[in-house]
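First comes the structure, then the notes that go with it.
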Amino acid sequence: HIQAVIFDLDGVICDTAHFHFIAWKRLADHLGIAFSETDNEQMKGVDRLNSLEMILKLGGQQRSAAEKQALCDRKNADYQTLIAEMSPADVFPGVQDILATLKVRDISVGVASASKNAPAILQRLGLDRAFAYVADSSLIKNNKPDPEIFLTVAAALEVAPAHCVGIEDAAAGVTAIKAAGMRAIGIGDAEVLHQADMIFPTTDKIDLIRMLS
Ligand code: B16
Ligand code: MG
């Protein structure tokens with residue numbers, strides 16, 4: 001039976017996925033590269049440098065390692081301005097109810113976000129003490145779709161992967177959860193997230209009984 005639920009952050013707990021898109025779109029414009037929401041879909045859950053590589057590839061452009069670092073810093077500065085105003089009101093509907101139910105049922109909760117901004121965002125949302133463990137993505141060697149981050153959180157929670165559920169809005173994230181040997185809940189488009197065991201359109205539509213049984 002399920003003993004732990006591991007949440008992605010961007011797109012599951014709050015709508016930072018939208019801010020990532022805006023910041024990447026601005027950077028792509030700056031580089032003269034066409035970049036759509038469909039392109040962005042492939043980048044969800046993908047770490048910062050690899051996301052930049054995907055955009056450069058779209059434009060058939062190449063940059064040195066130092067230039068890439070500067071472009072990543074530029075995007076992140078822009079992104080941090082966008083998220084600066086976030087508050088507890090930005091927690092997606094349904095999240096607090098799910099956390100309350102899991103607590104009553106004594107089910108552990110963790111966060112597996114590829115974002116280096118995750119701790120700051122959780123703090124702004126008033127959720128910095130809501131999770132037993134939040135992965136430090138700077139310590140993760142292989143990013144989503146690799147299962148490492150989900151396995152790291154499961155190990156920290158001391159729950160075997162077979163007894164964990166992972167919740168993700170990104171195709172790369174769902175792939176990571178399945179590769180970790182966990183039950184995968186997809187939030188969003190059923191076509192994009194077809195690998196998931198269950199898909200709900202938004203976090204507040206999660207059927208907890210189904211998810212946990
Ligand atoms: P940062 P998640 C991911 O967060 C985002 O989906 C992805 O778009 C972003 O590039 C990545 O974090 C890195 O974020 O630039 O803040 O370190 O969905 O895994 O919570
Ligand atoms: Mg996400």
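Rounded to the nearest 500, what is the 222 nm mean residue ellipticity of the chain from helices alone, with -39500 (n - 2.57) per DSSP H run of 4+ residues and division by all residues? Before the final figure, lay out each step's value.
Values: 9 runs with 94 residues, N = 213.
The helix contribution divided over the chain gives -13000 deg cm²/dmol.
Considering only Cα-Cα distances, which of the following residue pairs are longer than 19 Å: LYS144/LYS205; LYS25/LYS68; LYS44/LYS144; LYS25/LYS57?
On the way: LYS144/LYS205 25 Å; LYS25/LYS68 16 Å; LYS44/LYS144 10 Å; LYS25/LYS57 14 Å.
Over 19 Å Cα-Cα: LYS144/LYS205.
When the Cα centres of segment 133-167 and segment 33-74 are compared, how far apart do they sit, in Å?
25
Quote the charge dipole size of the chain about the Cα centre in Debye, to the nearest 20; the model charges only the Cβ of Lys and Arg (+1) and of Asp and Glu (-1).
Numbers: 20 positive and 28 negative charges, 72 e Å.
So the dipole magnitude of the chain works out to roughly 340 debye.
Using a cut-off of 15 Å between beta-carbons, work out the net charge of the residues near ALA112 (Lys and Arg +1, Asp and Glu -1, ALA112 not included). Please report the intermediate quantities before stating the final value.
Values: positive: LYS44, LYS116, LYS141, LYS144, LYS178, ARG183; negative: ASP8, ASP10, ASP47, ASP136, ASP146, GLU148, GLU168, ASP169.
Its environment carries a net charge of -2.
To make sure I understand the rule: partners must be aspartates and glutamates, Cα under 16 Å from the Cα of LYS178, and not fewer than 8 residues away in the same chain. Which ones qualify?
In chain and number order, the partners are ASP8, ASP146, GLU148, GLU168, ASP169, ASP197.
Counting other Cβ atoms within 10 Å, keep those with at most 15, restrict to DSSP loop, and tell me which trypsin sites (Lys or Arg not before Pro) in segment 16-115 are left.
On the way: sites: LYS25, ARG26, LYS44, ARG48, LYS57, ARG63, LYS68, ARG74, LYS75, LYS103, ARG105; in loops: LYS44, ARG63, ARG105.
Those satisfying the criteria are ARG63, ARG105.
Any read-out appearing in this document is the output of simple, stated calculations on the displayed coordinates, not a laboratory observation. Please read these numbers as outputs of a predicted model, since none were measured by experiment. We place every Cβ from the backbone using ideal geometry, glycine too, and count neighbours over all the protein chains shown.
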